[in-house]
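Report on the structure given below.
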Amino acid sequence: MSKHETQLVERFWKETGGTLIEEFLAVRGTRDQGRRLIDGVIIKGGPRRKMKASDAKIAGRRIVVVQAKASRLGMSVLGQALFSKELIKDFSPRSVEMVAVCTKGDARLEPLAKEYGIIVRKYPVKS
């Protein structure tokens, strides 16, 4: 995750609270599949702190998967948010919300995101 994307994830986390796990490894890479990282996983209702993925227990918890792109909302970050929800199910959370964080909106894609239950947050990037 780039510096700007980290800023976006952290800004969303500061608004929502909970426990943040950055770069959560959802799928280990093998010869037959790629490694898949989720930019941020937030455990709702958890203490406001960062946690290593190796220490996190998300089974039975309400979580938010956050994917960030330091650019205009696009199909790539929306696809990442959508598929992150499916990949995180392997960890048995109680519920999963999807969030795509970006620097600018897109009038055509935002209604589609809403249709699929993806929350879109837009923040300008600080240099």
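Which residue pairs have Cβ atoms closer than 6 Å, lie 6 or more positions apart in sequence or on different chains, and pair a first residue in segment 39-51 that is buried (at least 19 other Cβ atoms within 10 Å of the Cβ) with a second residue that is part of a strand (DSSP E or B) and among the small types (Gly, Ala, Ser)? From segment 39-51, the pairs are Asp39/Ala68. Taking the criterion of being under 14 Å from Ile63 (Cβ atoms), open to solvent by 10 Å² or more (accessible area, probe 1.4 Å) and touching a helix residue (DSSP H, G or I) at 6+ places or on another chain (Cβ under 8 Å), the only residue of segment 5-23 that qualifies is Glu22. Residues of segment 93-120 that are in a strand (DSSP E or B), of a type in the set (Gly, Ala, Ser) and open to solvent by 40 Å² or more (accessible area, probe 1.4 Å): Ser95 alone.
Quick check, is Ala81 more than 20 Å from Glu23 (Cβ to Cβ), touching a residue at least 24 places away in the same chain (Cβ under 8 Å), among the aliphatic types (A, V, I, L, M) and not in a strand (DSSP E or B)? Against the criterion (more than 20 Å from Glu23 (Cβ to Cβ), touching a residue at least 24 places away in the same chain (Cβ under 8 Å), among the aliphatic types (A, V, I, L, M) and not in a strand (DSSP E or B)), Ala81 does not qualify.
Across segment 52-68, the qualifying residues are those that are at pLDDT 95 or above and open to solvent by 60 Å² or more (accessible area, probe 1.4 Å), and the one among them that is farthest from Cys102 (Cα to Cα) is Ala59.
The values are calculated or read from the model by the stated rules, or taken from the named source; none is laboratory data. Predicted model, so just to flag it, every value in this text is computed and none were measured. Ideal geometry is used to build each Cβ from the backbone, glycine not excepted, and the neighbour counts take in all protein chains shown. The area values use the complete protein model at the heavy-atom level, side chains included, leaving out ligands, DNA and RNA. Shrake-Rupley method; radii C 1.70, N 1.55, O 1.52, S 1.80 Å.
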